[in-house]
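The values are calculated or read from the model by the stated rules, or taken from the named source; none is laboratory data. Every value quoted in this text rests on a predicted model; they were computed, and no experiment measured them. Don't worry about glycine lacking a Cβ; one is built from the backbone with ideal geometry, like all the others, and counts go over all protein chains shown.
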Amino acid sequence: MWDALTGFVVVGLAIALGWLLGRIDLLGPHARHVLGRLTFFVLSPFLLFVVLARADVHTLFSALLPVSAIAAVSVFAIYVLVARLWWRRSVGETLIGALSSGQVNSNNIGIPLSLYLLGSAAYPAPVILMQLVIFTPISMAIFEAVSTGQRRPGAILRRTATNPIVVGSVLGMLVSVSGIALPPVAIEPLLLIANACVPVLLISYGISLHGQRVLGVPGRRRDVLVASVLKLAVMPIVAWAVAAHLLHLSPADVLIVTVLAALPTAQNVFNYAQRFDIGEPIARDTVFVTTLGCVPVLLLITWLL
């Protein structure tokens, strides 16, 4: 069981290093924005391409995919209803909050936890596919429309289609589906750049924590708390109910989808908030709360199931 905490130790160390760099101001006042843009435009597309290109297509389209999709869409809908109809949040902040409540850290926490807790690193692959190929293009289209004020579908579609994260995800999925095995001379240079993504993103996140107090932004505490409850409690319960009582999956598959649904908020959500300058406190604090809070939740799920 202690091995299951390896992913959290790795993530925590990188974030702590970023916080220390921010405290001593080693990289200057613009470090967070420079690292954020580097991650969004360069490192993330390489990582997403490599992850999807090397994924087993049969695992990508397994029975875990519809369960994860239903759980994510359910909490998205709940958050959107609360934020838009009750709190009257802007479209951009609502989207950041919704992603914070339903987009899971399936890569740098999900993969090691899946390996140590469930016995295989392949289980997060359907969630990665769903988030990168479905949720990401839709989110990028909305962010582009909000940030540019552009309302013409053709222009929005053009900007979304050329978004580097979308391009990397789609190309990676096409390679996986086609069954093309990239030779080492092609994949190794991509891996070199891709492997820099997670540490740079976590360091950038750590820098953003310096000088900030969690839940310290007035008027946005409830956004963070609702997103965190949806992420850590509602989403795993929905995944368990759909898998066990609607689709009647095996006990092993029920455990897998429930654990995946209980993973913390993806750091990519914080990266999107940085890039488009929308809802950054919501994304930052929800990532922090859910990363800490998911430890007892995951242990409880494993014990119960």
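Pairs meeting the criteria (first residue in segment 30-43 and in contact (Cβ under 8 Å) with a residue 60 or more places away in the chain, second residue not in a helix (DSSP H, G or I), beta carbons under 6 Å, at least 6 apart or on different chains) are Leu43/Ala196. Quick check on segment 200-214. Is at least one of its residues modelled with pLDDT of 90 or more and part of a helix (DSSP H, G or I)? No, that holds for no residue.
Residues that are surrounded by fewer than 21 Cβ atoms within 10 Å (Cβ to Cβ) and modelled with pLDDT of 90 or more number at least 3 in the following helices (runs of 4 or more DSSP H) confined to segment 33-148: 64-80.
Here's the yes/no breakdown for (1) in contact (Cβ under 8 Å) with a residue 60 or more places away in the chain; (2) in contact with an Asp or Glu (Cβ under 7 Å, 6 or more places away or on another chain); (3) among the charged types (D, E, K, R); (4) farther than 20 Å from Leu20 by Cα:
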| residue | (1), (2), (3), (4) |
| --- | --- |
| Pro164 | yes, no, no, yes |
| Ala194 | yes, no, no, yes |
| Cys197 | yes, no, no, no |
| Gln212 | yes, no, no, no |
| Arg220 | yes, no, yes, yes |
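When Tyr272 is tested against the conditions (1) part of a helix (DSSP H, G or I); (2) surrounded by fewer than 23 Cβ atoms within 10 Å (Cβ to Cβ); (3) of a type outside the set (Gly, Ala, Ser), the lone failure is (2).
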